[in-house]
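The values are calculated or read from the model by the stated rules, or taken from the named source; none is laboratory data. If you're wondering where the values come from, they're calculated on a predicted model, not measured in any experiment. Please note: Cβ atoms are built from the backbone with ideal geometry, for glycine as well, and neighbour counts cover all protein chains shown. Remember, those area values only see protein heavy atoms, side chains included, never the ligands or the DNA or RNA. Shrake-Rupley method; radii C 1.70, N 1.55, O 1.52, S 1.80 Å.
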Amino acid sequence: QVQLVESGGGLVQPGGSLRLSCAASGFTFASVTMRWYRQAPGKERELVAGITTLTGWTNYADSVVGRFTISRDNTKNTVWLQMNSLKPEDTAIYYCNTYTRGAHYWGQGTQVTVSS
């Protein structure tokens, strides 16, 4: 079965950094686009970043461009989200996502809290 397991969240001060990891299994990782979403309390889930397959093309939400970097290693079935210059408005649960075999799949989420 498809499994996505996020890790790396935590509490950081504004301006700090975190690196989120998503370990994937149960599908052909190298053949699919991987994405990071986030959802803050009371807000709709939003796409943060995506990275395509072998080409490695990336896209980012305007709110994070220049601060966040998505990357992947197809030999390790892992996608990362490097988050720098964190702001309080980045506080959310971050989810790893892919669409494959006719459905969206999500990890359990990892909490990121940016606060002084």
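Please determine, by comparing only the residues of the range 34-49 that are over 15 Å from residue 107 (Cβ atoms), touching a strand residue (DSSP E or B) at 6+ places or on another chain (Cβ under 9 Å) and at pLDDT 95 or above, which one is most open to solvent (accessible area, probe 1.4 Å). This residue is 43. Per this entry, residue 63 is counted among residues that are outside any strand (DSSP E or B) and without any contact (Cβ under 8 Å) to a residue 60 or more places away in the chain.
When we screen 71, 31, 63 for residues that are small (Gly, Ala, Ser) and within 12 Å of the chain's Cα centre (by Cα), the only hit is 71.
Looking only at residues in the range 66-92 that are crowded, with 17+ Cβ neighbours inside 10 Å and in contact (Cβ under 8 Å) with a residue 60 or more places away in the chain, the one that is nearest to residue 40 (Cα to Cα) is 86.
Taking (1) open to solvent by 70 Å² or more (accessible area, probe 1.4 Å); (2) out of contact with any helix residue (DSSP H, G or I) (no Cβ under 7 Å at 6 or more places or on another chain) in turn, residue 54 satisfies each apart from (2). Comparison of 105, 60 shows that the only residue that is at pLDDT 95 or above, closer than 18 Å to residue 2 by Cα, surrounded by fewer than 20 Cβ atoms within 10 Å (Cβ to Cβ) and of a type in the set (Phe, Trp, Tyr) is 105. Give the residues of the range 104-116 that are part of a strand (DSSP E or B), touching a residue at least 40 places away in the same chain (Cβ under 8 Å) and under 24 Å from residue 27 (Cβ atoms), sorted by residue number. Correct list: 105, 106, 110. Taking residue 100 as meeting all but one of (1) open to solvent by 40 Å² or more (accessible area, probe 1.4 Å); (2) in contact (Cβ under 8 Å) with a residue 12 or more places away in the chain; (3) out of contact with any strand residue (DSSP E or B) (no Cβ under 8 Å at 6 or more places or on another chain), write down the number of the exception. With (1) open to solvent by 40 Å² or more (accessible area, probe 1.4 Å); (2) in contact (Cβ under 8 Å) with a residue 12 or more places away in the chain; (3) out of contact with any strand residue (DSSP E or B) (no Cβ under 8 Å at 6 or more places or on another chain) applied to residue 100, the lone miss is (1). Scanning the range 17-28 for residues that are at negative phi and open to solvent by 20 Å² or more (accessible area, probe 1.4 Å), we see that the one that is nearest to the chain's Cα centre (by Cα) is 21. What number of residues in the range 11-53 are in a strand (DSSP E or B) and under 12 Å from residue 83 (Cα atoms)? Of the residues in that region, 8 qualify.
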